[in-house]
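S.K.: Quick one: this structure, given as structure tokens, is what I'll be asking you about.
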Amino acid sequence: MFDLTLAELAKGLQKREFSSAELTQAYLNRIHDKDSLYNSYISVCDEQALQQAAAADARIAQGDAGPFTGLPIAHKDLFCTKGIKTSCGSRMLDNFISPYDATLVSRFNEAGAVTLGKTNMDEFAMGSSTENSYYGPSRNPWDTERVPGGSSGGSAVAVSARLAPATTGSDTGGSIRQPAALCGITGIKPTYGRVSRYGMVAYASSLDQAGPMTRTAEDAAMMLQVMAGADPLDSTCAEQPVPDYMAGLNTPLAGLKIGLPKEFFAEELDPAIAEQVQNAIREYEKLGASVQEISLPNTRLSIPAYYILAPAEASSNLSRFDGVRYGYRCTDPKDLEDLYKRSRGEGFGSEVQRRILVGTYALSEGYYDAYYRKAQQIRRLIQQDYINALQQVDVIMGPTTPHPAFRIGEKSNDPVSMYMEDIFTLSLNLAGLPGMSIPCGQTAGLPVGLQIIGNYFAEAKLLNVAHQFQLATDWHKQTPAGI
Amino acid sequence: MSLDRSDVERIAHLARLQINDQDIPAYAENLSSILHLFDQMQSIDTTGVEPLAHPLDAVQRLRADVVTESNQRELLQRNAPATENGLFLVPKVIE
Amino acid sequence: MEWETVIGLEIHAQLSTNTKIFSGASTAFGAEPNTQACAVDLALPGTLPVFNENALRMAVMFGLAVNAEIGKRSVFDRKNYFYPDLPKGYQTTQLAEPIVGPGYIDIELDDGTTRRVRIHHAHLEEDAGKSLHEDFHGMSGIDLNRAGTPLVEIVSEPDMRTAKEASAYARKIHAIITTLGICDGNMAEGSMRCDCNVSVRPKGQEALGTRTELKNINSFRFIERAIETEVARQIDLIEDGGRVIQETRLYDPERNETRSMRSKEEANDYRYFPCPDLLPVIIDDTYIEQIRAELPELPDARKARFVSEFGLSEYDAAVLSAYHAQADYFEQVTRVAGDAKQAANWVMGELAKNLNQKDLDIKESPVSADQLGGLIARIKDDTITGKIAKQVFEIMWAEGGSADEIIEAKGLRQVTDTGAIEAIVDQVITECTTQVDQYKAAEPDKRGKMLGFFMGQIMKASQGKANPGQVQGLLKQKLDALCD
């Protein structure tokens, strides 16, 4: 049962091969049994999950079920879930029970999904390893001494270790794609604004985007179908109509034009990763695609631009955590300033504090033009690179990460080297384009991710391109040992 | 660009973050190395480049001026560290 | 040394929308604490703003009313600072690209001249909550009902030179926003708040002196007093060899002094940047012109019409048009009474006197415009005399009722029956023999002045009800007959 994809589980439920209650209970048992090894969940919602499953079974019995009714999933712990702790991996929100549901959560609830629990993450989505969680690091199922990537590490681990058929994640600089690559699963970061941000605790508002993390592209299509679409509660959510993502999956790839950015195959790339990605490209050629080299000349500037813009927005977004209306409050504040400083100093972990400091500095008087404004200009240059490239090709492909999963603790004391792990993913968030990571090989027993980048709102195309690869290969079916 | 102790203290105060004294040198070093990362931008000529605030060229949507929210004080204050008579309590505000 | 005062005003006007600028919570005044603060207003994690279309419309109305350029593209910025009444840790406001660009208004001064005051810009922003300082075991209480109420902040150029000009400017802005119906203008409740930037410089000097910002001014009278007090302080300070420091000062009306707000003195670095949760607000000419077409008549135009249409004096027209509720009232009185000059006299005289005594707004007047108009109509058609009318007005004010009902019930109808009047005239002439003799003895050209005594006696005898015109005619006729 745990090897079935979402699509297969949906069929099983429809054919009454098992009930949602049975499926849910099986997953809950497995989580309680195995997750101590991986630490992929912050909260497990047994009671609510079983209630949702019972309601789903009733809907199925009444013939009132949709394609998602009764399917168990887990949400990254930055999506607000009414009545359930929403911690963002932070001590700051360790006691926060959300009084409302994020739009994305409501949509899954209305579709009849079952929420198994809330997954572990880097605190406030700031990190590339899930080591920055107040609840301890998640562990990579392929090697539990290694990180799963981040910040949606718990979501990636849960799917990889078969502790959830599918999960939600969020991606501000690679936080869906990078852990998907390191854990050998499928993840898609949709176009900025494709999925509502309402109820997703903000890290960097102009970059944040929610997306699915699944075993297959087909499952990602099912998830995205529920998540995507306009939301009157989010001014930045796109109004474009949502296509039928399942319908386009089987379009043949003959004639597909693939661009390979030469900057993505530069010296920082691990040669073993380069080899796996090249193999995948050859597979696409077999499927009828043509390949050409392209250039995204400003790629290396995405790191400074991102690490100014994201912390700047974060420094402001995280000001609301002040110990007044909710969240952590220090004991016996002697005055207002003490309340602020100690609540925030004690409630936030060191990476969050570091980024708040960087962002505060970048916005402070006298530095705005040199940092923030300059970074926004660079952001436009990076976007223009992509727009130019996507006039020549249908999709852009390259590695998702420069290296496979690194060891827990290996980069903890060197923030800059940690930031460099995001080199291939950041630019997409800056441009607002959709991107996907699918498993495309292994090196030394660790998964390698292929990144597929498309034009604005071309999610259906990406899913199609990924699905065709998954029909032809079985990298996505590889399972970590001991699962 | 390198930051010293007083820079870190000033920024930490602006951001209302209590930082332990012994951690300041490490923060100063971290932040300096991050700022160093930013320096590579400065050589790029961005004259005439319009800053990009949002990736999509979208415009603000408007909301009808209709009351949609009802009183949820009890629910919304359940997470509050200290309340009295429906007010959030904080150490004395001096004006 | 002769000093010149330089004043600029920042006026915050709460817009009369139903809901907050970025949430669907009500803005009604006076609710129980935090019952009108929704998840967005409390800045719960994950919540996002969506802009209120009515706040936009009202800001554009204001811009058009002050002859301003309208920002076809306006952008919301974040102003970052920590304060317990500011839930997000930043205020959403507009800095570089406000909705209303440069404009101006003309103000009338007491000497009859007008002065143009330029408006630098006006921008939309959200109001903060309130800190309540009653003692909660040494703590303060925070009420966020007001948080997120839309404000338009109107920033003038430093074009005013006297306290009177400043208050005239504030009154004019008040007249405009209340006429537009975009703000209730209630200064006591804080719907309209005024900060004054004040500096002095030696007369003839070009460079501006160091300014102070006066806060907490909640009436037009206090604007004048606060500025006068502050100007005197600054001049004394400089003449004693001191220096004005740039700071925020609080006006204390009870002591009539300004004092430094040291707690706000900390050098602030607001780290403004464009709000990434909101997109640029884009409007086009069609939108603007549609709003222009729907603008109500503005105070200046109304004043001009009061002069041309009703023949009012410039002064009366200015007073009546300065407050839209009063202007509306006046026009309704005129419609019912059919006499604008009488209507103006009554509204600015008897009515204003009574309202002032009771400290009432004209909207709260116990005597409606229809009642007052009805009363004036009865003067015009000679049903009652002007003197009786004041009596009727007092009854109306105290007890209610229409002029006709009161006149009828109290028997105040003017006596126009010639026979009845003649009887009273005859009676007075018979009783006042001494005065009649004096009248007869007087030179004919002096006699006119002597009629007053008889008129007074007759009106008294008739309890004010005799028609004065008829009385005068008959009296003169009868006295002159005695002289022949």
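S.K.: Of all DSSP beta bridges in chain A, what percent run antiparallel (nearest 5)? Mind dumping the intermediate values first?
M.R.: Working: 31 of 44 bridges.
DSSP beta bridges in chain A are roughly 70 percent antiparallel.
S.K.: What does a probe at A:Lys286 reach in segment A:456-471, counting residues whose amide N is under 14 Å from the point 7 Å along Cα→Cβ?
M.R.: Output list for this probe position: A:468-471.
S.K.: Another question about this same structure. Suppose each label sits 7 Å from its Cα in the direction of the beta carbon; what would the C:Glu408-A:Gln391 distance come out to in nanometres?
M.R.: 8.6
S.K.: Can you give the FRET efficiency to the nearest 0.05 for C:Ala232 and A:Asp3, using r as the Cβ-Cβ distance and R₀ = 60 Å? Could the numbers behind the result be given before it?
M.R.: Details: r = 86 Å, r/R0 = 1.43.
The pair C:Ala232/A:Asp3 has a calculated efficiency of 0.10.
S.K.: Here's something else I'd like to know. Taking the Cα centre of segment C:297-410 as origin, sum charge times position over the Cβ atoms of Lys and Arg (+1) and Asp and Glu (-1), and report the length of that vector in debye to the nearest 20.
M.R.: Here the size comes out at about 240 debye.
S.K.: Please rank B:Val90, C:Val50, A:Val147, fewest neighbouring Cβ atoms within 10 Å first, as an exposure proxy.
M.R.: Least to most surrounded, the residues fall as C:Val50, B:Val90, A:Val147.
S.K.: If you take the square roots of the eigenvalues of the alpha-carbon gyration tensor of chain B and sort them as a ≥ b ≥ c, do you get rounded (a/c under 1.5), prolate (a/b over b/c) or oblate?
M.R.: Because a/c hits 1.5 or more and a/b fails to exceed b/c, chain B counts as oblate.
S.K.: Please work out the ratio of the alpha-carbon Rg of segment A:246-328 to 2.2 N^0.38 Å and round it to two decimals.
M.R.: The value comes to 1.76.
S.K.: Something else: Which whole-number percent of Cα pairs in chain A have a distance greater than 37 Å?
M.R.: 20
S.K.: In addition: With the crude spin-label approximation of a point 7 Å out along Cα→Cβ, what separation in nm comes out for A:Asn279 versus C:Met348?
M.R.: 9.5
S.K.: In the neighborhood of C:Ile379, defined by Cβ-to-Cβ distances under 11 Å, what is the net charge if each Lys or Arg adds +1 and each Asp or Glu adds -1?
M.R.: Neighbour charge sum, excluding C:Ile379 itself: +1.
S.K.: What does the charge count near A:Lys477 come to, summing +1 for each Lys or Arg and -1 for each Asp or Glu among other residues with Cβ under 13 Å from its Cβ? Intermediate values should be presented prior to the final figure.
M.R.: Values: positive: A:Arg162, A:Arg215; negative: A:Asp3, A:Glu8, A:Glu218, A:Asp219, A:Asp474.
Around A:Lys477, the charge tally is -3.
S.K.: Along the Cα-to-C-beta direction of C:Asp426, a point sits 7 Å from the Cα; which residues of segment C:464-483 have their amide N less than 11 Å from that point?
M.R.: Under cut-off, by backbone N: nothing.
S.K.: Let me ask something else. Could you compute the net charge surrounding C:Ala327? Neighbours are other residues with a C-beta less than 11 Å from the C-beta of C:Ala327; K and R count +1, D and E count -1.
M.R.: 0
S.K.: Among the lysines, which fall within straight-line cross-link reach of C:Lys79, defined as a Cα-Cα distance under 17 Å, with same-chain neighbours fewer than 8 residues apart omitted?
M.R.: C:Lys88, C:Lys264
S.K.: At a Förster distance of 22 Å, what's the computed FRET efficiency of C:Thr416 paired with C:Asp370, Cβ-Cβ distance as r, to 0.05?
M.R.: Step by step, r from the Cβ atoms, then E = 0.30.
S.K.: Which whole-number percent of Cα pairs in the protein assembly as shown have a distance greater than 54 Å?
M.R.: Working: 186075 of 563391 pairs.
So the portion of pairs separated by more than 54 Å is 33 percent.
S.K.: Still on this structure: To the nearest whole percent, what portion of all C-alpha pairs in segment A:142-301 is separated by more than 27 angstrom?
M.R.: It works out to 33 percent of all Cα pairs.
S.K.: Which loop-located GluC sites (Glu not before Pro) does segment C:1-94 contain, where loop means any DSSP state but H, G, I, E or B and the Cβ has at most 14 other Cβ atoms within 10 Å?
M.R.: Within segment C:1-94, the qualifying GluC sites (Glu not before Pro) (loop, at most 14 other Cβ atoms within 10 Å) are C:Glu2, C:Glu69.
S.K.: Let me ask something additional. Project the alpha carbons of segment C:418-483 onto their principal axes and report the range along each, largest first, in whole Å.
M.R.: Principal axes ranked by extent give 31, 21, 18 Å for the Cα atoms.
S.K.: Which of the listed residues, A:Ser128, B:Pro55, A:Leu23, is farthest toward the dipole's positive end in the protein assembly as shown, when Lys, Arg count +1 and Asp, Glu count -1 at the beta-carbon?
M.R.: Towards the positive end, the residue furthest out is A:Leu23.
S.K.: Can you tell me the dipole magnitude for the protein assembly as shown around its Cα centre, using point charges on the Cβ only (Lys, Arg +1; Asp, Glu -1), in Debye to the nearest 20?
M.R.: In debye, rounded to 20, the protein assembly as shown gives about 780.
S.K.: Let me ask another. Give the shape of segment C:3-288 as rounded, prolate or oblate, defined through the alpha-carbon gyration tensor: a ≥ b ≥ c are the square roots of its eigenvalues, a/c under 1.5 means rounded, and otherwise the shape is prolate if a/b is larger than b/c and oblate if not. Walk me through the numbers on the way to the answer.
M.R.: Values: a/c = 1.76, a/b = 1.29, b/c = 1.37.
Since a/c reaches 1.5 but b/c is at least a/b, the shape of segment C:3-288 is classed as oblate.
S.K.: Within a 10 angstrom radius of the beta carbon, how do B:His54, C:His121 rank from fewest other beta carbons to most?
M.R.: In order of increasing Cβ crowding within 10 Å: B:His54, C:His121.
S.K.: Oh, and also: Peptide A:362-372: average number of partner chain Cβ atoms within 10 Å per residue?
M.R.: 5
S.K.: List the aspartates and glutamates whose Cα sits under 15 Å from the Cα of A:Lys411, skipping any in the same chain fewer than 8 residues away.
M.R.: Reachable aspartates and glutamates: A:Asp122, A:Glu131, A:Glu145, A:Glu351, A:Glu421, A:Asp422.
S.K.: Let me ask something additional. Show that you can apply the helix-only estimate: for chain B, add -39,500 (n - 2.57) for every DSSP H stretch of four or more residues, divide by all residues, and state [θ] at 222 nm to the nearest 500.
M.R.: Estimated from H runs of four or more residues: -10500 deg cm²/dmol.
S.K.: How far, in nm, would the chain grow between A:Asp474 and A:Lys262 when pulled straight, counting 0.36 nm per residue and subtracting the alpha carbon separation?
M.R.: 73.6 nm
S.K.: Something else about it: Separation between the C:Arg116 and C:Asp328 pseudo-spin-labels, each 7 Å from Cα along Cα→Cβ, expressed in nm?
M.R.: So the label points at C:Arg116 and C:Asp328 sit 3.2 nm apart.
S.K.: Another question, then. Dipole size in debye (nearest 20) for segment A:395-477 around its Cα centre, Lys and Arg Cβ +1, Asp and Glu Cβ -1?
M.R.: Dipole of segment A:395-477, to the nearest 20 debye: 160 debye.
S.K.: Within 10 Å of each Cβ in C:403-410, how many Cβ atoms from other chains are there, averaged over the peptide?
M.R.: 0
S.K.: Arrange the following residues from fewest to most other Cβ atoms within 10 Å of their Cβ: A:Thr360, C:Thr430. Before the final figure, lay out each step's value.
M.R.: Details: A:Thr360 27, C:Thr430 9.
Placing the least packed residue first, the sequence is C:Thr430, A:Thr360.
S.K.: While we're here: For chain C, report the translational diffusion coefficient in µm²/s to the nearest whole number, using Stokes-Einstein at 37 °C, 0.692 mPa s, and a Kirkwood Rh over Cα pairs. Each step should come with its number before you reach the end.
M.R.: Values: Rh = 26.7 Å.
D = 123 µm²/s.
Every read-out reported here was derived from the displayed coordinates using simple, explicitly stated rules and does not represent laboratory data. None of the values given here were measured: they were computed from a predicted structure. All Cβ positions, glycine included, derive from the backbone under ideal geometry; neighbour counts span all protein chains shown.
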